[in-house]
């Protein structure tokens, strides 16, 4: 069976509201980057899926496939992931809190672009994964997680004698009774704390981040800033809040959340953006151009943010 065949099989299986085999799906996604690419391509190819998937199949879990199902039956809609109901669909895509244990080997938890997933850990903690994210849980240490890529909100049950640790980009985060959001992509790590505190590299830098504090690590530079606690992980509510993130980072956020491929050209990639993008009210990614101050083009590879 080819990678594309396997991806299509997962697309169909995930359309079943009773699907529960998330560990197997996560392991399959994490096993080869080409699998995520194949799955993503099928999930957003609405017209193609209309020809490939049976008409009588149940409504889909991933919003873009839901649109494909409507197209399949001739009920074309002008809205895709930006429709007013996208937020509700995204919440529905947060898979129920499947309890994970650590017996039988390490566990990889993965989401495809445009998917979100909530995972309850055995100790009472919880992880909420944004799209295109891979987290590894240590079978030998249930209070340890590694973020390989993407974005996760950690809601940790504090245990002073056995603190929860997150490894990300070669750095360590230690919880101090905490809810915190972590992004790691393209060599940049960003941390925002909404409750309690996090210790960054406790054995070396020992930087304490209390609620309302943020940290951005890029190369050898680590910059501490501030954030409104209520704005941490605003992506759960369909908002992307940027306080000086580069256009390349904004593009990555859009890709994670929507499942669309979004990139920034070299001319604008390092341009900072400050503002709020409300994903539940946009008809089209192209409509974000005036807000971002860039031109937005549709290319064969996806959306491109470019200079005007």
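The values are calculated or read from the model by the stated rules, or taken from the named source; none is laboratory data. The structure displayed is predicted, hence computed values, not measured ones. When we count neighbours, we look across all protein chains shown, and the Cβ atoms used for this are built from the backbone with ideal geometry, even at glycine.
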The residue that is surrounded by the most Cβ atoms within 10 Å (Cβ to Cβ), considering only those in the stretch 299-308 that are in contact with a strand residue (DSSP E or B) (Cβ under 8 Å, 6 or more places away or on another chain) and either modelled with pLDDT of 90 or more or part of a loop (DSSP other than H, G, I, E, B) (or both), is 305
So which of 225, 244 is assigned to a strand (DSSP E or B), out of contact with any helix residue (DSSP H, G or I) (no Cβ under 7 Å at 6 or more places or on another chain) and on the phi > 0 side of the Ramachandran plot? 244
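Just need a number here: residues in the stretch 131-163 that are assigned to a loop (DSSP other than H, G, I, E, B) and surrounded by fewer than 24 Cβ atoms within 10 Å (Cβ to Cβ). Spell out how you get there, then give the answer.
As a first pass, look at the stretch 131-163 and keep what is assigned to a loop (DSSP other than H, G, I, E, B): 131-132, 139-140, 156-163.
With the extra rule that they be surrounded by fewer than 24 Cβ atoms within 10 Å (Cβ to Cβ), the set shrinks to 132, 139-140, 157-163.
Of the residues in that region, 10 qualify.
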If you check residue 153 against the conditions, is it under 16 Å from the mean Cα position of the chain (by Cα), modelled with pLDDT of 85 or more and more than 21 Å from residue 31 (Cα to Cα)? yes
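Does residue 198 satisfy the condition of being part of a strand (DSSP E or B), closer than 21 Å to residue 162 by Cβ, free of Cβ contacts under 8 Å to residues at least 60 places away in the same chain and in the same structural domain as residue 136 (by TED's automatic domain parsing)?
Values: part of a strand (DSSP E or B): yes; closer than 21 Å to residue 162 by Cβ: yes; free of Cβ contacts under 8 Å to residues at least 60 places away in the same chain: yes; in the same structural domain as residue 136 (by TED's automatic domain parsing): yes.
Spelling it out, residue 198 is indeed part of a strand (DSSP E or B), closer than 21 Å to residue 162 by Cβ, free of Cβ contacts under 8 Å to residues at least 60 places away in the same chain and in the same structural domain as residue 136 (by TED's automatic domain parsing).
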Restricting the first residue to the stretch 286-308 and requiring it to be over 18 Å from residue 266 (Cβ atoms) and in the same structural domain as residue 253 (by TED's automatic domain parsing), which pairs with a second residue that is surrounded by 12 or more Cβ atoms within 10 Å (Cβ to Cβ) and modelled with pLDDT under 90 meet a Cβ separation below 7 Å and a spacing of at least six or different chains? 288/277; 288/282; 291/277
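Matching residues to (1) closer than 25 Å to residue 114 by Cβ; (2) in contact (Cβ under 8 Å) with a residue 60 or more places away in the chain; (3) assigned by TED's automatic domain parsing to the domain that holds residue 114; (4) surrounded by 15 or more Cβ atoms within 10 Å (Cβ to Cβ):
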{"position": "205", "(1), (2), (3), (4)": "no, no, yes, no"}
{"position": "223", "(1), (2), (3), (4)": "no, no, yes, no"}
{"position": "244", "(1), (2), (3), (4)": "no, no, no, no"}
{"position": "247", "(1), (2), (3), (4)": "yes, no, no, yes"}
{"position": "251", "(1), (2), (3), (4)": "yes, no, no, yes"}
